[in-house]
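**Student:** Mind having a look at this structure? Questions to follow.
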Amino acid sequence: MSAQNSLPPSIKTEIPGPGSQRLSKRLSEVETHDVTCLNPPPIFWQKSSGANIWDVDGNRFIDLSAAFGVANVGHSHPDVVAAAERESRELLHGMGDVYPSESKVALLEKLTSHFPQGEKSRTTLSSSGSDAVETAIKTSILKTGRSSILAFEGAYHGLSLGTLPVTHNVKFRKPFESRLPRSTHFARFDDINHVEATMAAMNEKPAAILVEPVQGRGGENVPQPGFLPFLRDLCDKHEVLLIADEIYTGFGRTGTFFACNREEIVPDLLCLGKGMSSGMPISACIGRESVMNSWPKSKGEALHTQTFLGHPPGCSAALASIEIIERMNLSLRAKELGDKALNFLCERLTENSKVSEVRGLGLMIGIECTNSSTAQATVQECLRRGIILLPSGEKGTVLSITPPLNISSEILSFALTTIVESLEDQQ
Ligand SMILES: Cc1ncc(COP(=O)(O)O)c(C=O)c1O
């Protein structure tokens, strides 16, 4: 298994080190508040390879976040970098919807080949996860003529004005409430009765049910088997579209290529981003052909596009990343490593009074702490010991573990042991 540069941590300075502290001070003068959290000051990244990150002070870390679930094939994978480099030299920028590049065609063909159950599909590319969700929402409006969405408590679909209404956490929505449509109804995740009741209480049928097959930023919430098939049946019964937001779960993360594949669900629309390219800002909304064909044929100016749609280096990087996932069967690896990691954590943390649950699917694992201060303290302590972790959950109570899918088994064990020990030290 290629586990490029998976090395143990090497911490040479206090954390954050003097270089990070200096940069933090400079950043505080120029960046808008509430973008980068500077209290405590972060480490500033300088270099990455595989599961390793080096900061500006020369400290080496193991990244158990894959940078928000992006680096599925590892950070700065040489094949991905080479593909982006090659394309950048030839064609740094295309005109994605006017004069497209061959790399866009090849990427769309590749994505189509992975649409669940081999169903014929069409794709619209974009730059961020939020863009992909917005494309799916626009498509569902075009297809159904309706505009309400049934989404879920705990859902995170982005922070753009188009996705804020379907992201559940009030903290993000409240300052902008006056500008947001009130056409989202939130049902409890993984609660069949509540979904039915929520749907019944809506004045008009929703255009779509929008669901993350496993909630990511909501805290690694894995639904019971049967929940997604239930949503599929409900959508079919009411002629409502099913949008699967696989921006976090896609490309092998949960042990199958898409999380929908686990129960052989075919969504009407599938949103992708993050791990699609393992590091370039590119995303996609793929849909069943019959649904995507509700977009009218182009008569000139595109009804939906972006300046950087089909960005050639992004397309080439995504193709290279997907080919690595296929070649190395990283979906299976995520399943095997994930099962082992989950067992290990469950065993070691059952007696820990600071931990209320350990859950996950593939390499998307959450440790639910009894309060957010334990989670925060563990994130900081792990960072001091050379492990990068992110908190998740709407209350910040979960330790999120989403490493690169090709992390070596030894390095993953080392990092998990560090988390367990940090939690033990707080008992
Ligand atoms: C499931 C899901 N959907 C959408 C998004 C938004 O993606 P982006 O931040 O690239 O806009 C995220 C980001 O974390 C996500 O996890």
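**Student:** Report the Cα centroid-to-centroid distance between the range 18-47 and the range 173-197 in angstrom, as an integer.
**Tutor:** Measuring centre to centre over Cα atoms gives 35 Å.
**Student:** Whats the longest run of the chain with zero GluC sites (Glu not before Pro) that are DSSP loop and have at most 11 other Cβ atoms within 10 Å?
**Tutor:** Between exposed loop sites, the widest span is 32-203.
**Student:** Continuing with this model, one more query. Give the distance, in whole Å, between the Cα centre of the range 229-281 and the Cα centre of the range 331-406.
**Tutor:** 23
**Student:** Given a 1.4 Å probe and every protein chain left where it sits, what share in percent of the accessible area of the range 78-327 is carbon and sulfur?
**Tutor:** 51
**Student:** While we're looking at this one, here's another question. Accessible area per residue, 1.4 Å probe, Å², for the range 297-357: what's the number?
**Tutor:** Dividing the accessible area of the range 297-357 by its residue count gives 56 Å².
**Student:** Among DSSP beta bridges whose residues both lie in the chain, state the antiparallel percentage, nearest 5.
**Tutor:** 70
**Student:** Return the distance in nm (one decimal) between the two label points of a simple spin-label model at Thr417 and Lys299, each offset 7 Å from Cα along Cα→Cβ.
**Tutor:** Output for this residue pair reads 6.8 nm.
**Student:** Enumerate the whole-percent occupancy of each 10 Å bin, from 0 to the last occupied one, for all C-alpha pair distances of the chain.
**Tutor:** 5, 21, 31, 27, 13, 2, 0
**Student:** Quick check on the chain: helices-only [θ] at 222 nm, where DSSP H runs of length 4 and up contribute -39,500 (n - 2.57) each and the sum goes over total residues. Nearest 500, please.
**Tutor:** Calculated at 222 nm, the ellipticity per residue is -11000 deg cm²/dmol.
**Student:** Can you tell me how much longer the chain between Glu14 and Val35 gets when fully stretched, taken as 0.36 nm per residue apart minus their C-alpha distance, in nm with one decimal? Provide the component values of the computation, followed by the final result.
**Tutor:** Details: separation 21, 0.36 × 21 = 7.56 nm, distance 2.41 nm.
Roughly 5.2 nm would be gained on extension.
**Student:** Comparing Asn293, Asn59, Asn193, which has the greatest mean-square fluctuation in the GNM of the chain with Cα pairs linked when under 10 Å apart?
**Tutor:** Highest fluctuation of the listed residues: Asn193.
**Student:** Suppose each label sits 7 Å from its Cα in the direction of the beta carbon; what would the Ser290-Glu90 distance come out to in nanometres?
**Tutor:** 3.8
**Student:** Turning to a different aspect of this structure: Using a Förster radius of 25 Å, what is the FRET efficiency between Leu332 and Ala106 based on their Cβ-Cβ separation? Nearest 0.05, please.
**Tutor:** Efficiency for this residue pair is about 0.50.
**Student:** Springs between alpha-carbon atoms under 10 Å, Gaussian network over the chain: tell me which of Pro403, Pro165, Pro296 tops the mean-square fluctuations.
**Tutor:** Pro296
**Student:** Just the accessible area per residue of the range 1-118, please: how many Å² with a 1.4 Å probe? Provide the component values of the computation, followed by the final result.
**Tutor:** On the way: 6520 Å² over 118 residues.
On a per-residue basis, the range 1-118 sits at 55 Å².
**Student:** Can I ask one more? For the range 152-239, with every protein chain kept in place, what is the accessible area per residue (1.4 Å probe, Å²)?
**Tutor:** Normalised by residue count, the accessible surface of the range 152-239 is 48 Å².
**Student:** Give me the distance in nm between label points sitting 7 Å out from Cα along the Cα-to-Cβ direction at Asn193 and Ser373, one decimal.
**Tutor:** Label-label distance for Asn193 and Ser373, simple model: 3.6 nm.
**Student:** For Leu27 and Lys237 in one chain, what is 0.36 nm times their gap in residues minus the Cα-Cα distance, to one decimal in nm?
**Tutor:** On the way: separation 210, 0.36 × 210 = 75.60 nm, distance 5.26 nm.
Going from the current span to full extension adds 70.3 nm.
**Student:** What are the principal axis extents of the Cα atoms in the range 78-327, in Å, biggest first?
**Tutor:** 55, 40, 36
**Student:** Is the shape of the range 205-300 rounded, prolate or oblate, going by the alpha carbon gyration tensor and its root eigenvalues a ≥ b ≥ c, with a/c under 1.5 for rounded and a/b larger than b/c for prolate? Don't skip to the end; give the middle numbers.
**Tutor:** On the way: a/c = 2.09, a/b = 1.10, b/c = 1.89.
Oblate is the answer for the range 205-300, as a/c is 1.5 or above yet b/c matches or exceeds a/b.
The values are calculated or read from the model by the stated rules, or taken from the named source; none is laboratory data. Only a predicted model underlies this, so the values are computations on that prediction, with no experimental measurement involved. Using ideal geometry, Cβ is built from the backbone for each residue, glycine included, and neighbour counts are taken over all protein chains shown. Only protein heavy atoms, including side chains, enter the accessible area calculation; ligands, DNA and RNA are left aside. Shrake-Rupley method; radii C 1.70, N 1.55, O 1.52, S 1.80 Å.
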